[in-house]
Amino acid sequence: MINKIKRFEQYSKVESMIDDFLSSFDKPVNESDNDDGISTYKKIEKKVLSDLRLDLKLVLTFGAGIGALYPVVGEMMQNLSLSVVDLSKETIVLLTIACVTIVYLEEKKPKSIEESDKLTKDSKSMLEELRMRGIGDGIVKKVIKSIESIKNIFGVIAKHVGSVVGGIIDMFGYTTILIPIMNAILYVIGKYDMSVDSVIQNFFSLGLGVASRIAKHGLVELISKLKGFISDKTGDEIIDELETPIIQKFGDINLGDDESEQEGDLIKEQ
């Protein structure tokens, strides 16, 4: 009986989370009301890049996408409750750029040895700085896995731009829909007090839930909001395409504790 109650409570939580995600998808972020607004982080970004003499390439190329990640990473870290960690906005910017750089090195494989060497050197420098601020490599790994979970939800919707999102870096190429999706992600993380740990656990369910709410539920409204700039197909045509492929895609997600090979030798367990 107790197990059934727990399962029902979990089911109810996931359903509420899906409702909140869908209803806040197009909710604008009012930076005057949000001290952690993207513009605030972008100002700090310049200082971090300058102080550590980091390569500007990634930030210049994926600026808007990385900027949208700062508040999300900040909210997840605030909910982690680590008393010995420096969780200033400067640290959040540093942590986010470090994660994106590490992912870029593995997903895109820099075109030249010089670029690879520079980004690798920058990554090590950022990781060392983060360690001095109380953020070990284990936390960095969790943040990367959390961003991967976000990317999987993003992929449910982004495929209707006409291209499959293969990795985290690909996600940054779709700024038009990335910003509103990140707004919804930020809202859900904040409402449910999710840390990097609980995002990894809960966003798998959220992704499945968004994918399965196809015909007569929240996705109808969501597609109505999106169809003007994601696809020139009708809402019904988009909904018809969503059913099986997306659910199959989420079945391939590995949520185990195995080490991710993508992080290579840069991140080591503490």
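The values are calculated or read from the model by the stated rules, or taken from the named source; none is laboratory data. These figures come from a predicted structure and were not determined experimentally. For neighbour counting, all protein chains shown are included, and Cβ atoms are generated from backbone atoms with ideal geometry for every residue, glycine included.
Here GLU129 clears all of (1) among the charged types (D, E, K, R); (2) at pLDDT 95 or above; (3) farther than 24 Å from THR40 by Cα except the condition numbered (3).
Condition check: modelled with pLDDT under 75 and either within 27 Å of GLU107 (Cβ to Cβ) or of a type in the set (A, V, I, L, M) (or both). Does ALA158 satisfy that? The answer is yes for ALA158.
Selection within the stretch 102-155: residues that are among the small types (Gly, Ala, Ser) and part of a helix (DSSP H, G or I). The member of this set that is farthest from PHE62 (Cα to Cα) is GLY138. Six or more apart or on different chains, Cβ atoms under 7 Å: show the pairs whose first residue is in the stretch 104-116 and in contact (Cβ under 8 Å) with a residue 60 or more places away in the chain and whose second is in a loop (DSSP other than H, G, I, E, B) and surrounded by 14 or more Cβ atoms within 10 Å (Cβ to Cβ). Hits for this filter: GLU107/GLY167. Pairing residues of the stretch 159-178 that are within 17 Å of SER149 (Cβ to Cβ) with residues that are outside any helix (DSSP H, G or I) and at pLDDT 85 or above, at Cβ distances under 9 Å and at least 6 apart in sequence or on separate chains, gives GLY167/LYS108; ILE169/PHE62; ILE169/LYS108; PHE172/PHE62; LEU178/PHE172. Taking residues in the stretch 52-69 that are closer than 11 Å to ILE97 by Cβ and modelled with pLDDT under 90, and partners anywhere that are surrounded by 14 or more Cβ atoms within 10 Å (Cβ to Cβ) and aromatic (Phe, Trp, Tyr), the pairs with Cβ atoms closer than 8 Å and at least 6 places apart or on different chains are LEU58/TYR104; PHE62/PHE172. Consider VAL84 carefully, then state whether it is within 26 Å of PHE203 (Cα to Cα), of a type in the set (A, V, I, L, M, F, W, C), modelled with pLDDT under 90 and in contact with a Gly (Cβ under 6 Å, 6 or more places away or on another chain). The answer is no for VAL84. Check whether at least one residue in the stretch 19-27 is among the acidic types (Asp, Glu) and modelled with pLDDT under 80, and report yes or no. Yes, that holds for at least one residue. Looking only at residues of the stretch 28-51 that are in contact with a Gly (Cβ under 6 Å, 6 or more places away or on another chain) and over 26 Å from LYS108 (Cα atoms), we find that the one that is modelled with the highest pLDDT is ASP36. The set of residues from the stretch 38-85 being touching a helix residue (DSSP H, G or I) at 6+ places or on another chain (Cβ under 9 Å) and assigned to a loop (DSSP other than H, G, I, E, B) comprises LEU52, ARG53, LEU54, ASP55, LEU56, PHE62, ASN79, LEU80, LEU82, VAL85. Candidates in the stretch 86-110 are the residues that are hydrophobic (A, V, I, L, M, F, W, C) and within 14 Å of GLU128 (Cα to Cα); of these, the one that is nearest to the chain's Cα centre (by Cα) is CYS99.
Is one or more of the residues making up the stretch 107-118 buried (at least 20 other Cβ atoms within 10 Å of the Cβ), modelled with pLDDT under 95 and among the polar types (S, T, N, Q)? The answer is no; no qualifying residue exists.
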